[in-house]
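To start, the structure itself, in structure tokens.
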Amino acid sequence: MRFTREFAGVSAAALALLLAACGTAAQAEQENSGPQVDSESVATSKRKPKSTPEPTPVPSVKPSWSPTSGDKTVYLTFDDGPGPYTQKVLDVLKENDVKATFFIIGKMIRTREADLQRVYDEGHATGDHTWDHADLSRMNATEIDRQLNKSAVAIGPKMGPCMRPPYGALDGEARKLAVSYGMTPVMWTRDTNDWNKASESQIYNVLMGTKPGDVILMHDGGGDRSNTVAALRDALPKLKDKGYSFASVPVCLPIANTQ
């Protein structure tokens, strides 16, 4: 079954809201989140060629569905899992009663079905991060279709109607196809740079600089994420003491089963 059928009921209004924001904040942007490849990671053949210019940072533009003034909600997002650190990330989130959103690489689910199930069991949302961390902006329609729909089938019907393009690379063709499948593209406003071997203190400082409505880019897969886990463990209680709350990205919440 194609992914379009499973999420045909996604709200057109929700799509329009976030697509408008993504169109201005991230069109033609490249995500700085290429995973550090290890035995658990994706094939190196899908990584960006070394000749590709370094991407520019995604502007800190609040998505149109950000909280209203005075609401200190923040959205933690984790890319490239499930992986060896997914359970540890989930432990920290559970300790702090925090909900987040996980953008799943379909290929990574094999042998880690229990990790994905725990994500759902503990109330987190998920989105599509392609089958094997592919740069969609370099693909034709057939290849994009395979990347998104093969991953969606692997993730299963509980997946939310959203996606995050690897590297933040989403050209017009890829965007159009994603929307036609009922997937809202979700970018980010704050990058912890954990993908780039940032230290625990560097990740912690980014987290502590959080502003209301931020969508924070982190990773639970693709490499050694011990610094991510440690920084989260230190930062989350302090952010909560400052009045911040945490939620799954609204457009990634799964559509209720109407059957």
Only unsatisfied item for GLY168, checking (1) out of contact with any helix residue (DSSP H, G or I) (no Cβ under 8 Å at 6 or more places or on another chain); (2) of a type in the set (Gly, Ala, Ser); (3) at pLDDT 95 or above, is (3)
In the stretch 135-184, residues that are crowded, with 24+ Cβ neighbours inside 10 Å, among the small types (Gly, Ala, Ser) and not in a helix (DSSP H, G or I) total 1
Across (1) farther than 18 Å from GLY83 by Cα; (2) of a type in the set (Phe, Trp, Tyr); (3) under 18 Å from the mean Cα position of the chain (by Cα); (4) in a helix (DSSP H, G or I), TRP195 clears everything bar (1)
Inside the stretch 209-239, the number of residues satisfying the requirement of being surrounded by fewer than 16 Cβ atoms within 10 Å (Cβ to Cβ) and among the basic types (Lys, Arg) is 2
Among TYR204, TYR181, TYR244, the single one that is farther than 20 Å from LEU93 by Cβ and of a type in the set (Phe, Trp, Tyr) is TYR181
The lone condition ALA198 fails out of (1) in contact with an Asp or Glu (Cβ under 6 Å, 6 or more places away or on another chain); (2) over 21 Å from LYS94 (Cα atoms); (3) not acidic (Asp, Glu) is (1)
Result of the Cβ filter at 6 Å on the stretch 140-158, keeping first residues that are under 22 Å from LYS176 (Cβ atoms) and partners that are part of a helix (DSSP H, G or I) and of a type in the set (Phe, Trp, Tyr), at least 6 apart or interchain, is ASN149/PHE3; ALA152/PHE3
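The values are calculated or read from the model by the stated rules, or taken from the named source; none is laboratory data. Predicted model only: the values in this text are computed from it and were never measured. Reconstructed Cβ throughout: ideal geometry from the backbone, glycine too, with neighbour counts over all protein chains shown.
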